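Student: Provided herewith is a single structure, encoded as structure tokens, for subsequent inquiry.
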Amino acid sequence: MITIGILIFPQVEELDFVGPFEVLNAVNKIQLNSTKVILIAETADPIGAYNGMKVIPDTTIEKCPDLDILVVPGGKGRLVAMKNPVIKIFIQKQMITAKYITSVCTGAFLLAEAGLLKGKQATTYHTAFSELESYSVQVLSKKVVQDGNIITAGGVSSGIELGLYLLKRLFSLSIAQEVAHLIEYNVDINVL
């Protein structure tokens, strides 16, 4: 079973983490016990997301089990989260052992602040391209960009594409296509 952790923080953009959460859990309806997706936060307290959703984390950063994949969403709260030393150290530690470190939308800035994107290709929200370039990142205007074991997705809805891309990498193109069909999402997975 692949353990996937999604980092959440106050003012996180809901679709940034709910999109990949849905896709990466949906594979279990096709291939039982393929993934375990958990929500991780600095504390166990409910998180108030940007549009008002309240979310209860499954675990804390301190108690987080070893992850195969880390997903880092963005949103307005990234401005504080990216400067949080606890979050920064957590991301850096995950880089050592996880197969993939990923981000959705402006979650790329948390990776950049942790030093993971310097000299790499990445993407983010379209209005934040120049800000990300200031971290010595080669920014590409694409939905999903992979550079080594770092995968970034650009835009709020891109978390869905990120999830499908991961399923293609972890399982197969046909599994990713089946999940896309299951959730009735039209995307050319071949281009992801």
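Student: Hey, could you check segment 136-184 for residues that are of a type in the set (D, E, K, R) and either within 18 Å of the chain's Cα centre (by Cα) or in a helix (DSSP H, G or I) (or both) and say which is nearest to CYS105 (Cα to Cα)?
Tutor: Residue satisfying both the conditions and the ranking: LYS143.
Student: Got a number for residues in segment 94-141 being touching a residue at least 60 places away in the same chain (Cβ under 8 Å) and surrounded by fewer than 19 Cβ atoms within 10 Å (Cβ to Cβ)?
Tutor: Qualifying residue count, segment 94-141: 0.
Student: Mind checking which residues of segment 1-59 are among the hydrophobic types (A, V, I, L, M, F, W, C), assigned to a loop (DSSP other than H, G, I, E, B) and out of contact with any Asp or Glu (no Cβ under 8 Å at 6 or more places or on another chain)?
Tutor: Selection gives MET1, ILE8, VAL12, LEU32, ALA44, ILE56.
Student: Still on this structure, I have one more. Evaluate segment 143-154: report whether one residue or more is modelled with pLDDT under 95, of a type in the set (Lys, Arg) and either under 19 Å from VAL37 (Cβ atoms) or surrounded by 16 or more Cβ atoms within 10 Å (Cβ to Cβ) (or both).
Tutor: yes
Student: Please work out if GLU62 is touching a residue at least 24 places away in the same chain (Cβ under 8 Å) and among the charged types (D, E, K, R). Steps first, please.
Tutor: Values: touching a residue at least 24 places away in the same chain (Cβ under 8 Å): no; among the charged types (D, E, K, R): yes.
No.
Student: Suppose we filter segment 149-192 for residues that are over 25 Å from GLY115 (Cβ atoms) and of a type in the set (Lys, Arg); how many remain?
Tutor: Of the residues in that region, 1 qualify.
Student: Of GLY119, GLY74, which residue is at pLDDT 95 or above, at positive phi and not polar (S, T, N, Q)?
Tutor: GLY119
Student: Turning to a different aspect of this structure: What number of residues in segment 111-135 are under 15 Å from the mean Cα position of the chain (by Cα) and of a type in the set (D, E, K, R)?
Tutor: Of the residues in that region, 0 qualify.
Student: Could you check ASN186 against (1) surrounded by 14 or more Cβ atoms within 10 Å (Cβ to Cβ); (2) without any contact (Cβ under 8 Å) to a residue 60 or more places away in the chain; (3) closer than 21 Å to ALA26 by Cα and say which number it fails?
Tutor: (1)
Student: Does any residue of segment 31-44 turn out to be out of contact with any Gly (no Cβ under 6 Å at 6 or more places or on another chain), modelled with pLDDT of 95 or more, within 21 Å of SER158 (Cα to Cα) and among the β-branched types (Val, Ile, Thr)?
Tutor: Taking every residue of segment 31-44 in turn, at least one turns out to be out of contact with any Gly (no Cβ under 6 Å at 6 or more places or on another chain), modelled with pLDDT of 95 or more, within 21 Å of SER158 (Cα to Cα) and among the β-branched types (Val, Ile, Thr).
The values are calculated or read from the model by the stated rules, or taken from the named source; none is laboratory data. This structure is a prediction, so every number in the text was calculated from the model and none was measured. Here Cβ is always computed from backbone atoms with ideal geometry, including for glycine, and neighbour counts include all displayed protein chains.
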